[in-house]
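The structure under discussion appears below in the form of structure tokens.
Each reported figure results from applying straightforward, stated rules to the coordinates on display, with no laboratory input. Since the model is a prediction, treat every value here as computed from it, not as a measurement. We place every Cβ from the backbone using ideal geometry, glycine too, and count neighbours over all the protein chains shown.
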Amino acid sequence: MRNPFDKSSVLLIYTGGTIGMKEDPKTQALSPFDFSQILQEVPELRKFSSRVDSYTFDPLIDSSDVEPSMWVQLARLIRDRYDDYSGFIVLHGTDTMAYSAAALSFMLDHLRKPVIFTGSQLPIGSLRTDGRENLISAVEIATARDLRGNALVPEVCIYFNSQLLRGNRACKVNSSSFDAFRSPNWPTLAEAGISIRYHEHAIHYPAVLERGLAIKTALDTRVAILKIHPGITAQVARNVLLGEGIRAVILETYGSGNAISKPWFTDIVKEASGSGKILLNITQCLAGEVNMDLYSTGKALAESGVISGGDMTTEGALGKLFVLMGEYADNEKVKTLLRKNLKGEMTK
Ligand code: ASP
């Protein structure tokens, strides 16, 4: 095992995404290229006193193709190399970065080292790329330790456009700006300006006596997401809420957790809940929380057995469900744990 006062080191795990893509001269479409070229594009990485090693996934993917099996691969890789590095950086496409970071936050238990997801909106080879700064600052954060040798940010995070966000609180909010991610319900963990300012009050530090890293790799993906909208039909609601092979449904509701109060809808919800399904209420709003006591339209859901997702993001809720359902066959146990703040994903 490493001595914490050894020279710091970071493992760059390259999974794909725009950061490492190149334009195909024939089709002009972007597709991934090999990792050695990233290092060529960022020679500054060699200036760090820390050792920077790399690991490349095969195949490299556009993150729209990410699958939970890749999260399992990531978790295993981090576990296997955990003692060799002070921190880990996952280079990942931005489209599903928030899903992957959220899932990993629930899959890695007793984490004491930073796992930082980053990427870019422009390929690293392009002149105005945001990838260089994202990568360099992510390395600095991944290797930052206090005087005792403990990591300054022992969490799964996303670093993007000068901001470090908790992985299970982040969402992609802009497809064309460098300022692509937000953490609407939790403060930034750090901000990079002239220096990197860490917001200790927002960072989760594990208890001193916590055990070594453990990973959870049994993921149950039988989850559907139903976004409530005006004009939604009973057939659509029925197909999703009562659909075969669906163990849990995330209901994306209006405002503070409200949905249609008409009996045709609440009857379907009651039937689904009565059959034992896990129904979780997440607001469609970018910020704020579900409070089903505020309006009768929300109360009707609570009375039908729907659980409040508080101020969780959909991405956070999905990862939490996959991991909890993979761990427990009993839906009641999953429901109990869904109400608890497990990894800083919800405020209450
Ligand atoms: N489609 C790309 C991906 O998610 C977009 C990006 O990396 O920014 O892999």
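Once you list every other residue whose beta carbon is under 14 Å from the beta carbon of residue 188, what net charge do they have if Lys and Arg are +1 and Asp and Glu are -1? Write out the running numbers ahead of the final one.
Details: positive: 166, 169, 182, 197; negative: 155, 179, 191, 200.
Within the 14 Å Cβ shell, the charges total 0.
Could you list which residues have their amide H under 5 Å from that of residue 87, counting only those 5 or more apart in sequence or on another chain, with H placed in the peptide plane?
It is 9, 11, by chain and number.
Provide the gained length on full extension for the span residue 146 to residue 195, in nm with one decimal, where the gain is 0.36 nm per separating residue minus the Cα-Cα distance. Display every interim value, and only then the final one.
Values: separation 49, 0.36 × 49 = 17.64 nm, distance 1.55 nm.
Separation in residues times 0.36 nm, less the Cα-Cα distance, equals 16.1 nm.
Can you compute the FRET efficiency between residue 330 and residue 128 using 1/(1 + (r/R0)^6), with r the Cβ-Cβ distance and R0 = 45 Å? Round to the nearest 0.05.
Details: r = 52 Å, r/R0 = 1.16.
So the FRET efficiency works out to roughly 0.30.
With a cap of 12 neighbouring Cβ atoms within 10 Å, and only residues DSSP puts in a loop, list the chymotrypsin sites (Phe, Trp or Tyr not before Pro) found in region 29-69.
Details: sites: 33, 35, 48, 55, 57; in loops: 33, 48.
Sparse-neighbourhood loop chymotrypsin sites (Phe, Trp or Tyr not before Pro): none present.
Size of the dipole of the chain about the Cα centre, Lys and Arg at +1 and Asp and Glu at -1 on the beta carbon, nothing else charged, in debye to 20?
Values: 38 positive and 39 negative charges, 118 e Å.
Using only the charged Cβ atoms, the result is roughly 560 debye.
GNM, the chain, Cα, under 10 Å: largest mean-square fluctuation among 24, 311, 179?
Maximum fluctuation in the GNM of the chain, among the listed residues, is at 24.
Report, in debye and to the nearest 20, how large the dipole of region 230-348 comes out about its Cα centre when Lys and Arg carry +1 and Asp and Glu carry -1 on their Cβ.
Working: 13 positive and 13 negative charges, 24 e Å.
In total the dipole reaches around 120 debye.
Between residue 112 and residue 233, what is the spin-label point distance in nm, taking each point 7 Å from the Cα along the Cα→C-beta axis?
With each label placed 7 Å out from Cα toward Cβ, I get 5.7 nm.
By how many nm would the segment from residue 347 to residue 58 grow when fully extended, if each residue of separation counts as 0.36 nm and the alpha-carbon distance is taken off? Provide the component values of the computation, followed by the final result.
Values: separation 289, 0.36 × 289 = 104.04 nm, distance 3.73 nm.
Full-extension gain reported as 100.3 nm.
What residues qualify as long-range amide H neighbours of residue 94, i.e. H under 5 Å apart, gap of 5 or more or another chain, H built at 1.01 Å from N?
18, 120
Between residue 145 and residues 5 or more places away or on another chain, which pairs have amide H atoms under 5 Å apart, with H built 1.01 Å from N, and which residues are they?
152
What does the charge add up to near residue 10, with Lys and Arg as +1, Asp and Glu as -1, over the other residues with Cβ less than 12 Å from its Cβ? Let's see the in-between values first.
Working: positive: 7, 51, 81, 113, 145; negative: 53, 84, 140.
Summing Lys/Arg as +1 and Asp/Glu as -1 gives +2.
Place a label point 7 angstrom from the Cα of residue 178 along the Cα-to-Cβ direction, then list the residues of region 152-168 whose backbone nitrogen is under 18 Å away.
Within reach of a label on residue 178, which here means backbone N under 18 Å from a point 7 Å along Cα→Cβ, region 152-168 contributes 159-165.
Under 26 Å from the Cα of residue 320, which lysines turn up, not counting those fewer than eight places away in the same chain?
113, 172, 216, 227, 270, 277, 299, 333, 335, 340, 343, 348
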